[in-house]
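Accompanying notes for the structure given below.
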Amino acid sequence: MNSNAQQWNASLYDSKHKFVSQLATDLVELLSPKAGERILDIGCGTGHLTQEIASYGAEVLGIDSAETMILQAKENYLNLQFAVMDATNLEFTEEFDAVFSNAVLHWIKQPEKVITGVWQSLKPKGRFVAEFGGKGNINLIQTALNNAICTEDSAFKEVVNPNYFPSIAEYGILLEKQGFELTFATLFARSTPLDGENGIGNWLKMFRNSVLVAFAEEAQTRILANVESQLRPTLYKNGTWFADYRRLRIVAIKE
Ligand code: BEZ
């Protein structure tokens, strides 16, 4: 996971947001790891997909900018390699057959730096396989949060969105500028069930804490209740909350 302002709570992440890695097992199939390959997993979080990739016989290094996540990953998977590292500052030279990343690149608002680092890390013909939030991701949640915060405090006109959600065209141009060949790209809706009756509240506490901490506890409670009541008609179905995710998935080859 990568973000400057975002604080990462590894146990909340593992207990309530395991779906992040569970939904990406077909992304690992797209990566198609081979025995003996060296693979870099950018933003490995608590290590579940790093382990999934390693189960194919690949040698994987999981990196994450959040120390809390890496400590948990090391505890979860004693035999795997993990390191705290910033994805905008990768210092590898043609070491990896593939670079993989799930649900992380939307936290980095300097995508060019990541793409350059990935390029330098890959061997010639190496592949970059990634999925993250794309254009239109969480539009409903972000709009509801924006409304609730502006209602709570009229000094706010718009809440800063800490994420980067590019279109296929925007991200494709960056990849091609670097010299990658974009061989696969898709942007698709993935309405994602959230755990429990407080699903949307837990999501906001986990992923929008950088916005909520500006408010006292009572104000936060009002904001969360306001967001819930706005979203209930659209994102709460048969007792389950859903996040209006849209995923951008790409495969790019170092030419
Ligand atoms: C996502 O996985 O799309 C996402 C997660 C947290 C915040 C924003 C987007």
Quick one: putting +1 on the C-beta of Lys and Arg, -1 on the C-beta of Asp and Glu, what dipole do you get for region 37-186 around its Cα centre, in Debye to the nearest 20? 280
When the expected Rg is taken as 2.2 N^0.38 Å, what fraction or multiple of it is the alpha-carbon Rg of region 35-138? 1.01
Can you bin region 187-255 into rounded, prolate or oblate? Criterion: square roots of the alpha carbon gyration tensor eigenvalues sorted a ≥ b ≥ c, rounded for a/c under 1.5, prolate for a/b above b/c, oblate for the rest. oblate
When Lys and Arg each count +1 and Asp and Glu each count -1, what net charge do the other residues less than 13 Å away from Glu67, Cβ to Cβ, add up to? -2
Would you mind getting the Kirkwood hydrodynamic radius of the chain from its Cα pairs, rounded to one decimal in Å? 18.8
On a 26 Å Cα-Cα criterion, which of the cross-link pairs Lys34/Lys177; Lys113/Lys135; Lys34/Lys205; Lys177/Lys205 come out too long? Lys34/Lys177; Lys34/Lys205; Lys177/Lys205
Kindly rank 35-44, 142-151, 164-173 from highest to lowest mean number of other beta carbons found within 10 Å of each residue. 35-44, 142-151, 164-173
Size of the dipole of the chain about the Cα centre, Lys and Arg at +1 and Asp and Glu at -1 on the beta carbon, nothing else charged, in debye to 20? 520
Below 8 Å between Cα atoms, with a sequence gap of 6+, how large is the relative contact order for the chain in percent? 21
What ³J(HN,Hα) values, in whole Hz, does the Karplus curve 6.51 cos²θ - 1.76 cosθ + 1.60 give for region 50-55 when θ = phi - 60°, with x put for Gly and Pro? 4, 5, 4, 5, 5, 5
With a 1.4 Å probe and all protein chains kept in place, how much accessible area does Thr25 have, in Å² rounded to the nearest 10? 60
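The values are calculated or read from the model by the stated rules, or taken from the named source; none is laboratory data. Keep in mind the model is a prediction, meaning the values are calculated, not measured. Cβ atoms come from the backbone with ideal geometry, glycine included; neighbour counts cover every protein chain shown. The accessibility values were calculated without ligands, DNA or RNA, using every heavy atom of the protein model including side chains. Shrake-Rupley method; radii C 1.70, N 1.55, O 1.52, S 1.80 Å.
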